[in-house]
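The values are calculated or read from the model by the stated rules, or taken from the named source; none is laboratory data. Because the structure is predicted, anything quoted here is derived from the model rather than measured. When we count neighbours, we look across all protein chains shown, and the Cβ atoms used for this are built from the backbone with ideal geometry, even at glycine. Note: accessible area is taken over every heavy atom of the protein model, side chains too, but ligands, DNA and RNA are not part of it. Shrake-Rupley method; radii C 1.70, N 1.55, O 1.52, S 1.80 Å.
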Amino acid sequence: TRGDMPSVDPLRIVAKEMKFLTGNIRKLLGSGHPSLDRAAKYYTQAEGKHVRPLIVLLMSRATSLCPKAPQRQQATLQASMGIDSSISPLSVLSDFNPSATAVAPEAETNDHPDILPSQRRLAEITELIHTASLLHDDVIDHSESRRGSPSANLEFGNKMAVLAGDFLLGRASVALARLRHAEVIELLATVIANLVEGEFMQLKNTARDERNPQWSEETLTYYLQKTYLKTASLISKSCRAAALLGGSDAATVDAAYAYGKNLGLAFQLVDDMLDYTRSEQELGKPAGADLELGLATAPLLFAWKTMPELGALVGRKFEKEGDVLRARDLVAQSDGIEQTRALAEDYAQKAIDAIAPFPESEAKDGLIEMAVKTLKRKK
Ligand code: FPP
Ligand code: MG
Ligand code: MG
């Protein structure tokens, strides 16, 4: 869509801010209890893609050039963003570890006033919430690998993995509260509830528990609603929050949200496609996992539309001997993969269209490139 324009590297545009991300997150996760400290920080060791913080930082910079809301609620409330363990109920444990006190982000560099300290903290919070969901997800999915290493549930056991996830949510909530922005707190708190709702919809798979479900338009609607809740909610609401923290006007806040929602949907559609097309080695996590988990994602749902016999398999969650292989075979014979890719492309384009009104900037190009990259990614 952008002709022969040289493509920008989104990571380079916010490299300075990204450099502090993992360190700051680890500070937010300090606990005086050594094994909790270890389990909580476990998924921060291997380099994740940090897609969500990257998007939040790019959105923060891109919207800094947009019109502001008439009354900026939030000009100066950056008072106490560090996690001060002295007023934390965990102070007894945290006192063992003085490094549990986080440094407020503005203490490091402030040569990019277009990204506010609160927006940098928001980027960290989104990664914390995402990582918490991965800790829980790997327990639910019985996953044995994540980011090319043993999963936390394998390394520490289910109980500690679940508790570590809860701890991340707790620390994310404290950091969020310290932004002192009620609407942003409400948005991110809603995300946490949405993640659980999405996971529940996925466990149930279809709206009704049927033995022999029939394909209908509702099948796709249900899948897309689930996909919004489990993936796009975090990205869209954190984009919205980034614009709000920057004092953007209502149109900009809505555009930021629309960008995140469409990008999030594209992102998960690609994820569901890669589960069919890539190997475990390529992904750094189990491949072909969705069918094994009984999950019917987009490639299969599109195949099902033209191959009604898949209904019975969906109904019994691919549990019968040979179901998974048969389903994989039928998907391969169908155009399910292509249709999934086409739908992902539609959403990525909608994401790009949503931010068209933003003034031209490197950060805006970075957001556009994120949408392009989402379609090209191989893991
Ligand atoms: C990864 O999906 C998981 C999610 C996007 C969300 C999981 C949400 C929960 C477990 C709800 C409760 C958790 C919290 C912290 C609120 P996937 O299994 O398709 O991806 P994967 O292939 O990376 O495992
Ligand atoms: Mg999983
Ligand atoms: Mg899962």
For Glu144, indicate whether it is open to solvent by 30 Å² or more (accessible area, probe 1.4 Å) and either more than 16 Å from ligand 3 (Cβ to nearest atom) or without any contact (Cβ under 8 Å) to a residue 60 or more places away in the chain (or both).
no
Find all pairs meeting these conditions: Cβ atoms under 6 angstrom apart; at least six residues apart or on different chains; first residue within region 274-287 and closer than 20 Å to Ile140 by Cβ and part of a loop (DSSP other than H, G, I, E, B); second residue more than 15 Å from ligand 3 (Cβ to nearest atom) and modelled with pLDDT under 75.
Pro286/Glu280; Ala287/Ser279; Ala287/Glu280
Check Leu135, Leu179, Leu168 and return the single one that is in contact (Cβ under 8 Å) with a residue 60 or more places away in the chain, under 27 Å from Lys41 (Cβ atoms), within 14 Å of ligand 2 (Cβ to nearest atom) and open to solvent by less than 20 Å² (accessible area, probe 1.4 Å).
Leu135
State whether the residues of region 113-136 include one that is modelled with pLDDT under 95 and of a type outside the set (Ser, Thr, Tyr).
yes
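Yes/no per residue for (1) over 30 Å from Ser279 (Cβ atoms); (2) modelled with pLDDT of 95 or more; (3) not small (Gly, Ala, Ser):
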residue	(1), (2), (3)
Asn158	no, yes, yes
Val162	no, yes, yes
Ala175	yes, yes, no
Leu187	yes, yes, yes
Val196	yes, yes, yes
Ala207	yes, no, no
Gln214	yes, no, yes
Kindly provide the set of residues from region 257-287 that are touching a strand residue (DSSP E or B) at 6+ places or on another chain (Cβ under 7 Å) and at pLDDT 95 or above, ordered by number.
none
Show me the helices (runs of 4 or more DSSP H) entirely contained within region 148-261 in which 2 or more residues are closer than 30 Å to Leu65 by Cα and more than 18 Å from the chain's Cα centre (by Cα).
158-177, 182-204, 233-245
Can you tell which of Ser143, Ser151 is more than 8 Å from ligand 1 (Cβ to nearest atom), closer than 19 Å to Thr44 by Cβ and of a type in the set (S, T, N, Q)?
Ser151
Say whether the condition of being more than 24 Å from the chain's Cα centre (by Cα) and either in contact (Cβ under 8 Å) with a residue 40 or more places away in the chain or more than 30 Å from Val139 (Cα to Cα) (or both) is met by at least one residue in region 339-350.
no
If you go through Gly294, Gly311, the only one that is more than 21 Å from the chain's Cα centre (by Cα), within 19 Å of Thr227 (Cα to Cα) and either open to solvent by less than 80 Å² (accessible area, probe 1.4 Å) or not basic (Lys, Arg) (or both) is Gly294
Condition check for Ser334: open to solvent by less than 50 Å² (accessible area, probe 1.4 Å), away from ligand 1 (no atom under 16 Å from the Cβ) and touching a strand residue (DSSP E or B) at 6+ places or on another chain (Cβ under 9 Å):
no
Go through region 165-219 and give me each residue that's of a type in the set (Asp, Glu), out of contact with any Leu (no Cβ under 7 Å at 6 or more places or on another chain) and more than 12 Å from ligand 1 (Cβ to nearest atom).
Glu186, Asp209, Glu210, Glu217, Glu218
Please verify whether region 330-342 includes one or more residues that are modelled with pLDDT of 95 or more, more than 30 Å from Ser236 (Cα to Cα) and part of a loop (DSSP other than H, G, I, E, B).
yes
